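Throughout, read-outs are computed from the coordinates displayed, never taken from laboratory work. Because the structure is a prediction, the values reported are computed rather than measured. Reconstructed Cβ throughout: ideal geometry from the backbone, glycine too, with neighbour counts over all protein chains shown.
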Amino acid sequence: MRKSRGFEGELIIDIPKVATSHCEQLPLISQLFIARMGYYPKALHHYYQRPNGISQAILLYCSAGQGWIELGGNVAQIHAGEVVVLPTDVPHSYGANQINPWSIYWLHLAGGHSNAAAAAVMERDGEPAKAVQVGFSDERNALFTHIARTLLKGYSASNLIHANLALPHYLSSFIAPEHFSSQKLSESFASPTEKAILYMQENLSSSLTLDNIARSVNLSVSFFSRKFKKDTGYAPIEYFNYLRIQKACQLLHFNTWRINEVASAIGIDDPFYFSRLFKQQMGLSPAHYRKNKGIERQ
């Protein structure tokens with residue numbers, strides 16, 4: 001894998017093992033769910049090589065610029081408005097055009113139906129295509145953003161189900177692009193739990209207490225704790241820690257900060273506690289995650 005130190009406006013969401021394991025237990029989404037997702041704009045030097053493939057299907061949608069993909073010794077050029085979905089366990093490499101680098105939305109798809117999803121997107125007239133021209137859609141991009149924002153709110157069963165039930169709709173924008181318009185999706189933060197999560201997101205660099213969070217939505221600690229746990233399945237501070245480690249993953253992926261600086265950026269002064277918390281959620285240490293950019297989890 002090779003890429004530049006970062007792309008302005010980039011996004012990556014690396015779903016922790018505890019959440020992907022939860023997805024496997026939720027009947028509505030157990031057969032098809034997101035393991036990783038992101039967006040790289042004007043991704044100069046973006047390059048991956050996986051000699052053995054990975055256990056997840058990979059969707060790459062080029063929204064601008066150009067790139068290329070190599071499968072079985074054959075190289076195909078990828079142009080703006082085209083999508084490619086790689087099935088599981090297939091050796092491959094891909095990268096950005098060095099003169100006109102692509103901007104790509106990407107997903108790693110897990111579950112028993114991931115290859116079926118790949119085939120549904122890629123097959124045209126009964127034959128698999130190297131790349132499929134699907135054009136451009138504001139609605140498609142808004143839907144991707146909606147899924148990402150839902151996952152950035154945390155990994156409650158509600159969020160996992162909502163985001164991953166939106167996944168087939170997103171995939172349908174490639175399978176039947178003629179049905180998609182420029183309509184924008186909207187969001188609202190109405191309930192105390194949703195407002196509390198937004199407060200957490202806006203204060204990831206702080207050492208929030210349960211009292212801080214409850215006061216932010218004008219509820220007593222006891223009532224708020226019961227309601228939050230009922231709505232999300234997690235205690236408020238446990239949920240806040242998931243959001244902080246999610247932010248830490250992005251900092252480790254896109255920055256060269258020292259581990260203690262990453263810890264400080266999410267409001268944790270003790271780097272040893274940060275490392276323990278990170279490993280508990282992600283299954284590997286922050287240093288190991290940075291070295292491998294999460295790839296070993298695939």
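Please name whichever of Leu143, Gln77, Ser275 sits farthest to the positive end of the charge dipole of the chain, dipole taken about the Cα centre and charges placed at Cβ: Lys and Arg +1, Asp and Glu -1. Of the options given, the answer is Ser275.
Counting neighbouring beta carbons within 10 Å and listing from fewest to most, the residues Phe254, Phe144 come out as Phe254, Phe144. Expressed as a whole percent, the proportion of Cα-Cα pairs in the stretch 11-179 lying more than 25 Å apart is 27%.
Largest GNM mean-square fluctuation across Asn218, Asn241, Asn97, computed for the chain with C-alpha springs under 10 Å, falls on Asn218. The Rg/Rh ratio of the stretch 192-297, with both radii computed over alpha carbons and Rh defined as the Kirkwood radius, is 1.02. Note on Gln98 and Arg258: with the Förster distance fixed at 30 Å, the Cβ-Cβ geometry gives a FRET efficiency of about 0.45.
Extent along the principal axes, Cα only, for the chain: 60, 41, 32 Å, with the longest axis given first.
Rounded, prolate or oblate: pick one for the stretch 64-111, where a ≥ b ≥ c are the square roots of the eigenvalues of its C-alpha gyration tensor, a/c under 1.5 means rounded, and failing that, prolate if a/b is larger than b/c, else oblate.
On the way: a/c = 2.44, a/b = 1.37, b/c = 1.79.
It comes out oblate by the Cα gyration axes.
Around the Cα centre of the chain, unit charges on the Cβ atoms of Lys, Arg, Asp and Glu (plus for the first two, minus for the last two) sum to a dipole of about 800 debye.
Taking the Cα centre as origin and putting +1 on Lys and Arg beta-carbons and -1 on Asp and Glu beta-carbons, what dipole magnitude results for the stretch 11-179, to the nearest 20 debye?
Around 480 debye, computed over the stretch 11-179.
For Ala64, put the label point 7 Å out on the Cα→Cβ axis and report which residues of the stretch 84-103 keep their amide N under 13 Å from it. It comes to 100-103, nothing else. Using θ = phi - 60° in the Karplus curve 6.51 cos²θ - 1.76 cosθ + 1.60, the 3J(HN,Hα) couplings for the stretch 244-250 round to 5, 5, 4, 5, 4, 4, 5 Hz; x is entered for Gly and Pro. Among Thr209, Thr150, the ranking by other beta carbons within 10 Å of each residue's beta carbon, starting with the fewest, stands as Thr209, Thr150. Across all directions, the average flat footprint of the convex hull enclosing the Cα atoms of the stretch 126-263 is 11.2 nm².
How high is the FRET efficiency between His179 and Phe272 when r is their beta carbon distance and R₀ equals 41 Å, given to the nearest 0.05?
Details: r = 52 Å, r/R0 = 1.28.
For His179 and Phe272, the calculated efficiency is 0.20.
Dipole orientation for the chain: of the candidates Gln56, Ser30, Ser205, Ser205 has the Cα lying most toward the positive pole (charges on Cβ; Lys, Arg +1; Asp, Glu -1). Exposure proxy for Ile54, Ile147, Ile175: other Cβ atoms within 10 Å of each Cβ, ordered fewest to most, give Ile175, Ile54, Ile147.
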